[in-house]
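The values are calculated or read from the model by the stated rules, or taken from the named source; none is laboratory data. All values derive from a computational prediction rather than experimental measurement. We place every Cβ from the backbone using ideal geometry, glycine too, and count neighbours over all the protein chains shown. Surface areas here come from the heavy atoms of the whole protein model, side chains and all, with no ligands, DNA or RNA. Shrake-Rupley method; radii C 1.70, N 1.55, O 1.52, S 1.80 Å.
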Amino acid sequence: MNKFIGIGRLTKEPNISIGQTGSKVARYTLAIDRPKDKNGNQSADFISCVAFRGGADFAEQYLHKGTKIAVEGEVHTGSYQKGDQTIYTTDIWVWRHEFVES
């Protein structure tokens, strides 16, 4: 099973583009808080999310920096070459996103 569910806040405005198939694509990063450590320090994970078609339309219209949302999707990994270095990527392909606060 490949399923991701997380709740976090957008770190910046979604990046909207047109994909190779001609459909809209939205990319955004969610900051998901980790539990505080024994010293009370807070840290977060930064999760790269990609929404397609209707999900991209939703992101473009309603999601903004600081918006708290729940995301459900699947994990996709990949890689590309940058000079002599291989860069590995991990993205969540969003099936559904919902507002968590009013």
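In table form, for the structure just shown:
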read-out: From the options 76, 64, residue that is within 13 Å of the chain's Cα centre (by Cα) and over 16 Å from residue 2 (Cα atoms); value: 64
read-out: From 74, 60, residue being over 15 Å from residue 16 (Cα atoms), in contact with a strand residue (DSSP E or B) (Cβ under 7 Å, 6 or more places away or on another chain) and among the acidic types (Asp, Glu); value: 74
read-out: Elements of type strands (runs of 3 or more DSSP E) contained in the stretch 8-94, each with 3 or more residues being open to solvent by 100 Å² or more (accessible area, probe 1.4 Å) and modelled with pLDDT under 95; value: 68-82
read-out: Cβ pairs under 9 Å, 6+ apart, first in the stretch 64-81 and more than 21 Å from residue 9 (Cα to Cα), second surrounded by 12 or more Cβ atoms within 10 Å (Cβ to Cβ) and at pLDDT 95 or above; value: 77/91; 78/91
